[in-house]
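The values are calculated or read from the model by the stated rules, or taken from the named source; none is laboratory data. Fair warning: this is a prediction, and the values are worked out from it, not measured in the lab. We place every Cβ from the backbone using ideal geometry, glycine too, and count neighbours over all the protein chains shown.
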Amino acid sequence: MAATATTIDPTPPSKAPLNISRDAITYHPWDPQQEPLQLSQIRKLISKDLSEPYSIYVYRYFLYQWGDLCYIAMHEGKFVGCVVSKLEPHRNVALRGYIAMLAVEEEYRGLGIASKLVRMAIDAMIEKDADEVALETEISNTAAIKLYERLGFLRSKRLHRYYLNGSSAFRLILYLKNHLPPEERGILEDAGCCGGHDGHSHDHAEHERSEQPHDAHMIG
């Protein structure tokens, strides 16, 4: 069973961004009453960055249970960005939020949309008393890593061959309630083994993927 990982590419657009004001972008929560339209547009946005599309059931798994942690960015009626998240107990230690999917239309990148969407999801998790927020992203996705680190995320673990394409990932965590070392809180699994060290040759992917709910191709 493969994991559902962060789908994000906040890299600078390949062409000049649209000449629009950031104020022209509006942000909206997931609305179950508009499921046919919103679900279709969310899938379209995210699938652009996937070599293999997620099953519709992956989206429904998140949206039906944690729709209040999912947000959409729009410009003049067009869906231009989205974030899909969840929040649940983690190993009976912490209430952990998870940024599962994040996507922004290429021509709209560079306008702060990804940062805004993530902040909205985090704020919603804080209101629900989350202890921390986690995500994974490909180690080569430097733009995504920089974005998250600006938001306060810390690299907690390197996951060797985490993605189905063989790429490795970093797990990043945003601690919301205290600054105790993760090992003292019992949060970071296998921290002594894979805490960001290079040179690992064994594969934790099977264990890590089993923690997530759905089979899906994974990109960062």
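Please go through segment 104-159 and give me each residue that is surrounded by fewer than 22 Cβ atoms within 10 Å (Cβ to Cβ), within 22 Å of Leu45 (Cα to Cα) and in contact with a Gly (Cβ under 6 Å, 6 or more places away or on another chain), ordered by number.
Of everything in segment 104-159, just one residue is surrounded by fewer than 22 Cβ atoms within 10 Å (Cβ to Cβ), within 22 Å of Leu45 (Cα to Cα) and in contact with a Gly (Cβ under 6 Å, 6 or more places away or on another chain), namely Asn141.
Looking at Met101, Met74, can you tell me which residue is of a type outside the set (Val, Ile, Thr), over 14 Å from the mean Cα position of the chain (by Cα) and surrounded by 16 or more Cβ atoms within 10 Å (Cβ to Cβ)?
Values: Met101 fails: over 14 Å from the mean Cα position of the chain (by Cα).
On inspection, the qualifying residue turns out to be Met74.
Considering each residue of segment 104-140, count those that are within 18 Å of Asp49 (Cα to Cα) and over 13 Å from the mean Cα position of the chain (by Cα), and give that number.
Adding up the residues that qualify gives 9.
Just checking, how many residues over segment 60-94 are part of a strand (DSSP E or B), modelled with pLDDT under 95 and among the hydrophobic types (A, V, I, L, M, F, W, C)?
1
Does Thr11 satisfy the criteria of being touching a His at 6+ places or on another chain (Cβ under 6 Å) and modelled with pLDDT under 90?
Working: touching a His at 6+ places or on another chain (Cβ under 6 Å): no; modelled with pLDDT under 90: yes.
For Thr11, the condition - touching a His at 6+ places or on another chain (Cβ under 6 Å) and modelled with pLDDT under 90 - is not met.
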